[in-house]
Amino acid sequence: MLLFHSAIVERNNRVILFPAWPGSGKTTLCTTLVHRGYRLFSDEFGLMDPHQKFFYPIPRLMPLKNESINVIRDYLPEAILGQEIPNTQKGTIAHVLPPKESILRSEETAKAKWIIFPKWVAGSSLSLEPLPDSEAFLLLASNSFNYEVLGEASFQAVTHLIRTCSCYKLVYSDFDDVISAMNDLTE
């Protein structure tokens, strides 16, 4: 399996990969989307069969960190958050329970259609810009935990993803705007 450092959600039987470095807002964005009609695959690990080209869901508790905890409590009062755990290596953490449907459908794989490199920036207006294939390839390969280990298989898998997916760079701060943009994109 090829393992990406990526949040992944599904809509209309196709997945969106959100590969990004820690602190980019992957889990917060993923939490928002799965509470607005998307199916959770993972907030952190994209597990891809490099030969069959599909992704496996891993719906698990989603760890929100620091300011994201209150942001999600305010924006998604229906979300079920666990107790806050202070003073961890990453600050204060509270886990969000995945939606029941995501857990019930955890045997259903799907193929990717979009790769979006997200970045939350306070006060920014939404920007969703196409990304050149060469840049998307480098960013996606560098967000894989085991790209070098799998060698040729991972190169072929990432090449396939870049050729068959629409790739974008996303900057956002407003959840309503990003949900609207994702809904428009995935219709």
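The values are calculated or read from the model by the stated rules, or taken from the named source; none is laboratory data. Here the structure is a predicted model, which means the values were calculated and not measured. Backbone-built Cβ (ideal geometry, glycine too); neighbour counts: all protein chains shown. Each accessible area value is taken on the protein alone, full model and side chains, heavy atoms only, with ligands, DNA and RNA left out. Shrake-Rupley method; radii C 1.70, N 1.55, O 1.52, S 1.80 Å.
One Cα centroid belongs to region 44-84, the other to region 114-187; the line between them spans 17 Å. In region 83-129, a dipole from Cβ-located charges (positive for Lys and Arg, negative for Asp and Glu) runs towards its positive end, and of L97, A122, N87 it is A122 whose Cα lies farthest in that direction.
Model label sites at Y75 and S134, defined 7 Å from Cα along the beta-carbon direction, differ in position by 3.5 nm.
Rounded to the nearest 20, the Cβ-based charge dipole of region 53-139 about its Cα centre (Lys and Arg +1, Asp and Glu -1) stands at 220 debye.
Ranked by the mean number of other Cβ atoms within 10 Å of their residues, highest first, the peptides 4-13, 92-101 come out as 4-13, 92-101.
Dipole magnitude for region 19-177: about 180 debye, using +1 per Lys or Arg Cβ and -1 per Asp or Glu Cβ, origin at the Cα centre. Distances between placed amide hydrogens fall under 5 Å for K169 paired with F117, E129, L131, all partners being 5 or more residues away or on another chain. Taking 0.36 nm per residue of separation and subtracting the current Cα-Cα distance, fully stretching the chain between N87 and K169 would add 26.3 nm.
Highest mean first, how do 166-176, 117-127 rank when packing is the count of other Cβ atoms within 10 Å averaged over residues?
In descending order of packing, they fall as 166-176, 117-127.
Taking every alpha-carbon pair under 8 Å whose residues sit at least 6 apart, region 2-131 reaches a relative contact order of 31 percent.
So, R0 is 25 Å and r is the distance between the beta-carbons of S180 and R14; what FRET efficiency does that work out to, to 0.05?
0.85
Pairs to check: K26/K111; K65/K113; K65/K111; K90/K113; K26/K53. Give those whose C-alpha atoms are more than 27 Å from each other in this structure.
Those over the limit are K65/K113; K65/K111; K90/K113.
If DNA, RNA and ligands are ignored and the probe is 1.4 Å, what is the ranking of M1, M182 by accessible area, most exposed first?
If we order M1, M182 from most to least accessible, we get M1, M182.
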